[in-house]
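The values are calculated or read from the model by the stated rules, or taken from the named source; none is laboratory data. Quantities reported herein were computed from a predicted structural model and do not represent experimental measurements. All Cβ positions, glycine included, derive from the backbone under ideal geometry; neighbour counts span all protein chains shown. We work out accessible area using only protein heavy atoms, side chains counted, and drop any ligands, DNA or RNA first. Shrake-Rupley method; radii C 1.70, N 1.55, O 1.52, S 1.80 Å.
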Amino acid sequence: MFIAGRGARGRAAELERLAGACGALLATSAVAKGLFRGSPWNLDVSGGFATPLAAELIGDADAIVGWGCSLNMWTTRHGKLIPPQATLVQVDDDPAAIGTHRPVHLGVPGDVAEAAGAVADALGGPPGATGYRSAEVQARLADQGRWRDVAYKDESDGERIDPRTLSIALDDLLPAERTVAVDSGNFMGYPSMFLSVPDEAGFCFTQAFQSIGLGLATAIGAAVARPDRLAVAALGDGGALMSVSELETVARLGLPMAVIVYDDEAYGAEVHHFGPDGDPLDVVRFPSTDIAAIGRGFGFEGVTVRDAADLAPVRDWLAGPRERPLLIDAKVTSAHGSWWLEEAFRGH
């Protein structure tokens, strides 16, 4: 099993060549999402965002190689994704990073591309081992390899839309050439797991400081840097309201970008983290806010979404001419916390 991180961005070809030679499956950390897009052996993201199938396959591996990947608690689910029988290898151009988060059996200081190329050259010739690349595994990946392939009970009720249903619908609507920038919060897994990106340059993860409110500014930077792609900011309502002044920046710069607000009228992470212990939640719940109207005040097209039918104006906006940016105020269900934060909170 290969798990590629930020240090492997731009090095997919070398890693795929070596993976083919030794029968390895391919996964990434969250910040490298999209690196192996198009490969039939791609498991997408490892860690809290991993599909059930990806978690199963990583957990059954006999060898795991982290390529430019810190193998931290987020990528390994606090180490539980790494099976006890697995040989763990870490390749990194910073020797100090090797073994920082967990002990490894072999550390290789060096550039990801150079190391992968050297090993592939040493193996030589066509693939010498089937490894994990069986017809059965390939069929399972084709059938269950994406989150949208995992069955779920749609909790949409007409007043609020299930964030999974929303994200799948948007994944179908939005153009394939996109850059998705995701803010932090209870909502963040939905766009991270259900919105596909064309390559690793198409995904901007703003979790380095574990602070909400950074997603919109990040998306603005992406929109300026890659005007050939639709920039999509995925925000929670808390982060959106915290960074609301940046809507003026979007309008002033004339950026034809889309802003999706997963609106559960709360700092959802705090609600689901502290609520079960009986802590008061009044300071982390918000009154109903018409965020679409706020967007229109800044010069956006504003759309409120409560069910899939409400996405029709989004389709119209995408058809052009996109003279103004788009803000989607999605009133999402929030009966329970996200499973990825439940996993993360176990470490605190």
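A few comments on the model shown:
- Over all distinct Cα-Cα pairs of the chain, the Kirkwood formula returns a hydrodynamic radius of 21.0 Å.
- Sequence-distant aspartates and glutamates (8 or more away, or on other chains) whose Cα lies within less than 14 Å of K331: E155, D157, E159, D162, D237, D263, D264, E265, D290, D307, D310
- Between the range 74-146 and the range 300-338, the Cα center-to-center distance that results, in Å: 39
- All aspartates and glutamates inside 17 Å of K80 as judged from Cα atoms, apart from same-chain residues fewer than 8 positions distant: E56, D60, D62, E342, E343
- All other residues whose Cβ lies under 12 angstrom from that of A116 are scored, Lys and Arg at +1 and Asp and Glu at -1, for a net of -3.
- Degrees separating the helix 112-123 axis from the principal Cα axis of the chain, which is the longest one: 40
- Accessible area in square angstrom per residue, the chain, 1.4 angstrom probe: 43
- Restriction of the chymotrypsin sites (Phe, Trp or Tyr not before Pro) in the range 127-213 to DSSP coil positions whose beta-carbon has at most 15 other beta-carbons within 10 angstrom yields Y152, F209.
- Projected-area mean, the range 113-243, by convex hull of Cα positions, square nanometres: 11.8
- With every protein chain in place, the chain: carbon and sulfur % of accessible area (1.4 Å): 53
- For the range 74-126, relative contact order (Cα pairs under 8 Å, six or more residues apart, normalised by length) works out to 29 percent.
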